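Worksheet: the structure to be examined is printed underneath.
The values are calculated or read from the model by the stated rules, or taken from the named source; none is laboratory data. Here the structure is a predicted model, which is why all the values come from computation and not from measurement. Note that we place each Cβ from the backbone using ideal geometry, even for glycine, and neighbour counts take in every protein chain shown. The protein model used for the area step is the full one, side chains on, heavy atoms only, and it has no ligands, DNA or RNA in it. Shrake-Rupley method; radii C 1.70, N 1.55, O 1.52, S 1.80 Å.
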Amino acid sequence: MQSKKGTILSGMRPTGKLHLGNLFGALENWVKLQDEYRCFFCVVDWHALTTAYEDTEDIRDNVKEMVIDWLSCGIDPEKSVIFKQSDVKEHAELHLLLSMITPLSWLERVPTYKEQLKQIEGRNLATYGFLGYPLLQAADILLYKADAVPVGEDQAPHIEFTREVARRANYLYKKPIFPEPATILNEYKVVPGLDNRKMSKSYDNIIEISIPPEKISGKVRMMVTDPGRIRKNDPGNPQICSIYAFHRIFNTAGLSGIEESCRAGAIGCVECKKDLSGWMQNFLAPVYDRRRELENNPRVIDEILEEGREKAVKVARKTMEEVRQAMGV
Ligand code: TRP
Ligand code: SF4
């Protein structure tokens, strides 16, 4: 335990069931980090409210669905602290106290702020909570004095922002309260969606992590291949084919064989897809089984979150005592 390299915190908004893009873009990294670091993984349900404050009826279910996905992919409550943001009220207190020292201009210039304002339509995002999104994230991280935060590239500015807030607090209150957390950029495998665009819920082109094994080949059949290949003997280009991108991830043998046969027009897409479905079933069937097991014991999820809450609160309380002391309240 004590030989670990330091503390890590990361979080995900509870958007419901995760898809293969989430698995190979983020979750797989978390699973690996568990052995090297003391890890806190947080379901950030308050962050869900910063944009989806009008339709909240699914948030509680989504929290559970996401935790089930985490566990079935190998996040381990014996190794990591798995908890829900709203269970640890100290996140709110730290957010409030840090809001006193955070210049508005810092929040306004966070690149995701302006981008999302433009991208998300049909909602009024001229809210206090939405502007404060990165500060709530900073509070998540600093509360546990995380040394590092594993995230995708899009989130890197938020970690940079967190370092600035930490530095400002340490400077103003003349105490090294918070370490400045490093960014660990997630290693990322390219995961195209069914239509060969990036896999994303908003494109409606996803494959869920928890797909039942018998449904895999149906999805794979829908996937786009090299559009230039019309007849079976036409030479293909695997580099632009989403099936090939998936072979890269799931196929633990014969990759070069496929590349060559495809380029030579010696293998048909139907066969290539069948082959892939088999590899995916091998990989995803155990994930599915673990999900089924957890779904049959829903109390387990509550217990894991309760245990996580207890462990998280211990650390959070300690940090808050220091912060209150430093800030004179
Ligand atoms: N903003 C992150 C995202 O949208 C989620 C998040 C909230 C987070 N708090 C965090 C990530 C703390 C890392 C650390 O993906
Ligand atoms: Fe893609 Fe396989 Fe068809 Fe080649 S043979 S285009 S890699 S599906």
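Observations
- Evaluation of Thr252 against (1) open to solvent by 40 Å² or more (accessible area, probe 1.4 Å); (2) away from ligand 2 (no atom under 16 Å from the Cβ); (3) in a helix (DSSP H, G or I) (one fails), failing number: (3)
- Considering (1) under 22 Å from Gly193 (Cβ atoms); (2) open to solvent by 10 Å² or more (accessible area, probe 1.4 Å), the lone condition that Arg60 does not fulfil carries the number (1).
- Every residue from segment 178-231 that is in a helix (DSSP H, G or I) and either within 18 Å of the chain's Cα centre (by Cα) or of a type outside the set (D, E, K, R) (or both): Lys201, Ser202, Tyr203, Pro213, Ile216, Ser217, Gly218, Val220, Met222
- Boolean, Trp70 is open to solvent by 10 Å² or more (accessible area, probe 1.4 Å), within 16 Å of ligand 1 (Cβ to nearest atom), within 22 Å of Glu306 (Cβ to Cβ) and among the hydrophobic types (A, V, I, L, M, F, W, C): no
- Only residues that are over 17 Å from Leu94 (Cβ atoms) and either in a loop (DSSP other than H, G, I, E, B) or touching a residue at least 24 places away in the same chain (Cβ under 8 Å) (or both) were counted in segment 105-130, giving 14.
- Selected residue [closer than 30 Å to His91 by Cα, open to solvent by 30 Å² or more (accessible area, probe 1.4 Å) and of a type in the set (S, T, N, Q)] from Asn297, Asn237: Asn297
- Residues of segment 78-94 satisfying the condition of being open to solvent by 10 Å² or more (accessible area, probe 1.4 Å) and touching a Gly at 6+ places or on another chain (Cβ under 7 Å): Val81
- Residue check, Arg221 within 19 Å of Leu9 (Cα to Cα) and loosely packed, with under 15 Cβ neighbours inside 10 Å: no
- The listed residue being of a type in the set (A, V, I, L, M), in contact with a Leu (Cβ under 6 Å, 6 or more places away or on another chain) and modelled with pLDDT of 95 or more, out of Leu117, Leu94: Leu94
- Of the candidates Arg290, Arg309, the single residue that is in contact with a Ser or Thr (Cβ under 6 Å, 6 or more places away or on another chain), in a helix (DSSP H, G or I), open to solvent by 50 Å² or more (accessible area, probe 1.4 Å) and in contact (Cβ under 8 Å) with a residue 40 or more places away in the chain is Arg290.
- When residues in segment 4-36 are screened for being part of a loop (DSSP other than H, G, I, E, B) and either open to solvent by less than 30 Å² (accessible area, probe 1.4 Å) or near ligand 1 (Cβ under 10 Å from one of its atoms) (or both), 7 of them pass.
- Positions within segment 158-174 being closer than 25 Å to Glu187 by Cβ, open to solvent by less than 40 Å² (accessible area, probe 1.4 Å) and more than 16 Å from the chain's Cα centre (by Cα), in sequence order: Phe161, Thr162
- Filter pass, Ile159 being within 11 Å of ligand 1 (Cβ to nearest atom), in the same structural domain as Gly25 (by TED's automatic domain parsing) and without any contact (Cβ under 8 Å) to a residue 40 or more places away in the chain: yes
- Extreme residue, farthest from ligand 2 (Cβ to nearest atom), among residues of segment 138-177 that are of a type in the set (Gly, Ala, Ser) and in a helix (DSSP H, G or I): Ala169
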